[in-house]
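Working notes for the structure below.
Just so you know, all these numbers are worked out from the coordinates, no wet-lab data involved. What you see is a predicted model; the values in this text were computed from it and never measured. Because the Cβ atoms are built from the backbone with ideal geometry, glycine has one as well, and the counts that use them run over all protein chains shown.
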Amino acid sequence: MKIPRSHPRYESLMRRERLVRAWKSGVVVPEGLIAHGRGEAFDYLFGEESSAPALVAEKAAAAFLLSAKRPVISVNGNVAALAAREVVRLARAIPARIEVNLFHRTPARVRRIVRRLEAAGAEAVLGTRPDARIPGLESKRALSDRDGIFTADVVLVPLEDGDRTEALVRMGKTVVAIDLNPLSRTSQMATVPVVDELTRAVLNIDKFVRELRGNPEETARIIRTYSKAGNLGAVYSYINWRLRNLARKRTRPKRRRVT
Ligand code: PTJ
């Protein structure tokens, strides 16, 4: 389907189209389409823009990734469909390794996603030959690579499930999550929950990585002063403020013009 550029919700419709195409080619699972719809509903609450608290979390995410010894970006079907190029660019800027990790894992799907990342410029993508298991996880998400997520100190997990986030945190890792739902178990469990839309979040983190590179003092200061509770609190307040503003606009009586 051709989406006209002039459509007021062009970006959102394009993302939906990209996901449907990726589902047809076996990169995205049907559950990924449901997950996307949930995310979009939350994005309306943010006015489909990165909020100020999201930008604070994105800067903190960049600082944690830059100061990591073994940073890894985890990629699933939705992420490969929506942000393969952006993820590869971010991995290069940090630099970090990329590992494909799937909830609905099949070897063929992993290979398809690796190929998609390679087409976007990625090299040495991990995930096809897992040789370790994340302790305490029953699902196939536990399968991991010793050179990647298993020994990473900082892991970026966009569109994750809460179980693996919790298991990774239990292993002592710093987990940076991207999830539009501030109430999801992932957002609650992550060390740095970034409550923003995937493509916007990856681009913002990339921008902050480039800004902070070569400035270890500022990077350390950001890590020192970041507060997860404070940041999530600011996200709730932002949603509250937006809804109250909208309610006020709707209920305010129209003023008569006196001539
Ligand atoms: O490719 P697989 O097999 O690993 O499966 C991927 C999915 C996404 C199906 C799997 O990880 C899953 O089931 O995830 P959940 O538990 O549905 O969680 C996805 C979360 O991502 C939800 O909280 C959504 O609100 C959020 N979300 C969806 N789309 C976006 C998003 N957050 C940010 N940006 C989005 N574009």
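Observations on the structure shown:
- When the criteria are applied in full, residue 80 meets the requirement of being under 23 Å from residue 207 (Cα atoms), touching a residue at least 40 places away in the same chain (Cβ under 8 Å) and buried (at least 23 other Cβ atoms within 10 Å of the Cβ).
- Condition met for residue 26 (closer than 29 Å to residue 233 by Cα and surrounded by fewer than 19 Cβ atoms within 10 Å (Cβ to Cβ)): no
- Positions within the range 200-219 being over 13 Å from the mean Cα position of the chain (by Cα) and part of a helix (DSSP H, G or I), in sequence order: 207, 208, 209, 210, 211, 212, 216, 217, 218, 219
- Taking the listed residues 62, 83, 57, the one that is assigned to a helix (DSSP H, G or I) and within 10 Å of the ligand (Cβ to nearest atom) is 83, with no other qualifying.
- Only a single item in (1) of a type in the set (A, V, I, L, M); (2) assigned to a helix (DSSP H, G or I); (3) touching a Gly at 6+ places or on another chain (Cβ under 7 Å); (4) surrounded by fewer than 24 Cβ atoms within 10 Å (Cβ to Cβ) is not met by residue 113, and it is number (4).
- Of all the criteria given as (1) in contact (Cβ under 8 Å) with a residue 40 or more places away in the chain; (2) in a loop (DSSP other than H, G, I, E, B), the one not satisfied by residue 242 is (2).
- Contact annotation: residue pairs with Cβ atoms under 7 Å, 6 or more positions apart or on different chains, pairing a residue in the range 20-47 that is closer than 30 Å to residue 244 by Cα with a partner that is near the ligand (Cβ under 8 Å from one of its atoms) and part of a helix (DSSP H, G or I), are 35/78; 36/78.
- Test: residue in the range 92-100 that is part of a helix (DSSP H, G or I) and either of a type outside the set (D, E, K, R) or closer than 28 Å to residue 171 by Cα (or both): yes
- Residue selected from the range 173-199 under the condition outside any loop (DSSP other than H, G, I, E, B) and near the ligand (Cβ under 8 Å from one of its atoms), by the criterion surrounded by the most Cβ atoms within 10 Å (Cβ to Cβ): 178
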